[in-house]
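Below you'll find the structure, written out as structure tokens, and then a few comments.
The values are calculated or read from the model by the stated rules, or taken from the named source; none is laboratory data. All values reported here derive from a predicted model rather than from experimental measurement. Cβ sites come from the backbone with ideal geometry, for glycine too, and all protein chains shown count toward neighbours. Note: accessible area is taken over every heavy atom of the protein model, side chains too, but ligands, DNA and RNA are not part of it. Shrake-Rupley method; radii C 1.70, N 1.55, O 1.52, S 1.80 Å.
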Amino acid sequence: QVQLVESGGGLVQPGGSLRLSCVVSGSIISIDAMAWYRQAPGKQRELVAIITSSGTTNYADSVKGRFAISRDNAKNTVYLQMNSLEPEDTAVYYCNADRVLIPGKYLTHNWGQGTQVIVSS
């Protein structure tokens, strides 16, 4: 009943930057927490960053100081600004909307299809 679509991934050199976007569509009344996860080849999915509806943020230790999560509630969009990228950041990045209110009910575990980020020289 809701769709999440990520964009902005690609190939970038170490030290470069990318900005990921995730648009949530549907009959949305509100969205609580929004987050970015990533999964590298052979590794478990991990939380990268999360932002609440009020703007409170938390980051994985590995990306603190380099990544910044933000959101535009009017556009139902969450962003991930990634700076000083490292090869270790290579992964498929997934958008998550933790709690989405639509008419009549809340939806949880809402995921996008992912966008590939490759950091390589």
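Please check which bits of segment 64-108 a label hung off A40 would reach, taking the label as a point 7 Å along Cα-to-C-beta and the cut-off as backbone N under 18 Å.
Of the residues in segment 64-108, 64-68, 82-94 have backbone N under 18 Å from the label point off A40.
Within a Cβ distance under 15 Å of S120, other residues only, what is the Lys/Arg minus Asp/Glu net charge?
-3
What is the local net charge at T77, summed over the other residues whose Cβ is closer than 14 Å to its Cβ (Lys, Arg +1; Asp, Glu -1)?
Residues close to T77 contribute a combined charge of +1.
Please report the orientation-averaged projected area of the chain, defined via the convex hull of its C-alpha atoms, in nm².
Computed as one quarter of the Cα hull surface, the answer is 6.9 nm².
Given contacts defined as C-alpha pairs under 8 Å and at least six residues apart, what's the relative contact order of segment 43-94, whole-number percent?
Contact order relative to length: 24 percent.
Taking only Cα atoms and a 10 Å spring cutoff, compute GNM fluctuations for the chain and point out the largest among Q13, Q44, Q81.
Greatest mean-square fluctuation among the candidates belongs to Q44.
Just in segment 14-43: which trypsin sites (Lys or Arg not before Pro) are loop by DSSP and have at most 11 other Cβ atoms within 10 Å?
K43
Check cross-link reach from K105 to the lysines: straight Cα distance under 22 Å, and skip same-chain residues fewer than eight apart.
Within reach: K75.
Whenever you get a sec, compute what percent of the accessible area on the chain sits on carbon and sulfur atoms (1.4 Å probe).
Of all accessible area on the chain, carbon and sulfur atoms account for 46 percent.
In nm², what is the average projected area of the convex hull enclosing the Cα atoms of segment 46-113?
Its average projected convex-hull area is 5.3 nm².
In Å², and per residue, what accessible area does the chain have when probed at 1.4 Å with the other protein chains present?
Per-residue accessible area for the chain comes out at 53 Å².
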